[in-house]
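Structure first, then comments.
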């Protein structure tokens, strides 16, 4: 779809009874031009028949964090309690935003629901979302608000050593705000949720979302927010520590991994992917299960690999792949991300994703 077609489709989704004259006024174009765009949307299968009946399941909704990342990278072995010569980098991040960008680079239509301040960082995020064709019209912009910031320090192996997140703005992503977004959420093929919003908002989304809900735990502290809604989650992606915390099962070997995965399946979760860092991923849907090694040959920066993995498994699922193949897509996306200095690798494309997956399979 063109940007104009996406814009018109969004207005129709928000108000299926909107007239062509109203659309023309919103878009600042002629009514006849609107008619042409609507005709194209019908031909492309985005609108079905008369009355602007919207075809469902053409886009993915992502709800979660969007922030500015500030990375500290030492030139040599990281020395604690000391000043370390190195490099400081600024980039756009946030778990939800990262997942949305990765999926957009895989040519998926994305509806991102996040919260931003009206500061320079918020302006930067909005600008990049527009460039990537990520729809943020359903996001909340807070007047005089400060866009959340994530500060992290890597060690000499490029692994994260410590981080501080300033994300108080997410307290404003309330249930009252989400209630008005529920209709668009439930028109998605899937909804991906990170645990940055307040707990009551997360629980409201889980209890009212009618499409498959994918959840990224983000951290052990924030994973506590989903303890009461495990039965509402379709797909869960915890790392080892988060899985141990939620299940109260210590993971020491592969048998423990399977036991932990079974805990989540018995709670009603349809798919679980337990990330093991450099040791790969254990996946299970209660029937098909297994452990796959990481595909990365060289780790330049580990930050963002988990977000890429979630994008990969979401891509696999929405394209009808098996849980194993979805996991391979996730590992492939992670490997591509791990190979670059940035949180998002601009070389993440469908072609590169499929090529790496096929190489692993062979």
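The values are calculated or read from the model by the stated rules, or taken from the named source; none is laboratory data. What you see is a predicted model, and the numbers here were worked out from it, not measured in a lab. All Cβ positions, even for glycine, are placed from backbone atoms using ideal geometry, and neighbour counts span all protein chains on display.
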Among the residues in the stretch 13-30, are any crowded, with 16+ Cβ neighbours inside 10 Å, in contact (Cβ under 8 Å) with a residue 40 or more places away in the chain and within 30 Å of residue 340 (Cα to Cα)? no
Checking residue 64 against (1) in contact with a helix residue (DSSP H, G or I) (Cβ under 7 Å, 6 or more places away or on another chain); (2) surrounded by fewer than 23 Cβ atoms within 10 Å (Cβ to Cβ); (3) not assigned by TED's automatic domain parsing to the domain that holds residue 137, which test does it fail? (2)
Restricting the stretch 333-347 to residues that are under 16 Å from the mean Cα position of the chain (by Cα) and either free of Cβ contacts under 8 Å to residues at least 60 places away in the same chain or not assigned by TED's automatic domain parsing to the domain that holds residue 307 (or both), the one surrounded by the fewest Cβ atoms within 10 Å (Cβ to Cβ) turns out to be 345
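Considering each of 90, 59 in turn, give the residue that is over 30 Å from residue 159 (Cα atoms) and in contact with a strand residue (DSSP E or B) (Cβ under 8 Å, 6 or more places away or on another chain).
Result of the check over 90, 59: 59.
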Answer yes if at least one residue in the stretch 253-272 is part of a helix (DSSP H, G or I), within 30 Å of residue 155 (Cα to Cα), under 22 Å from the mean Cα position of the chain (by Cα) and touching a residue at least 24 places away in the same chain (Cβ under 8 Å), and no otherwise. no
Among 102, 138, 98, 107, the single one that is surrounded by fewer than 24 Cβ atoms within 10 Å (Cβ to Cβ), under 23 Å from residue 181 (Cα atoms) and either under 17 Å from the mean Cα position of the chain (by Cα) or in the same structural domain as residue 311 (by TED's automatic domain parsing) (or both) is 138
Any residue at all in the stretch 278-287 that's at pLDDT below 90, in a loop (DSSP other than H, G, I, E, B) and touching a strand residue (DSSP E or B) at 6+ places or on another chain (Cβ under 8 Å)? no
Residues of the stretch 186-203 being surrounded by fewer than 22 Cβ atoms within 10 Å (Cβ to Cβ) and within 23 Å of residue 46 (Cβ to Cβ), in sequence order, are 186, 187, 189, 190
Might you let me know whether the stretch 302-319 holds any residue that is more than 29 Å from residue 58 (Cβ to Cβ), modelled with pLDDT of 95 or more and either assigned to a loop (DSSP other than H, G, I, E, B) or within 17 Å of the chain's Cα centre (by Cα) (or both)? no
Scanning the stretch 204-218 for residues that are surrounded by fewer than 18 Cβ atoms within 10 Å (Cβ to Cβ) and either over 16 Å from the mean Cα position of the chain (by Cα) or under 14 Å from residue 241 (Cβ atoms) (or both) gives 207, 208, 210
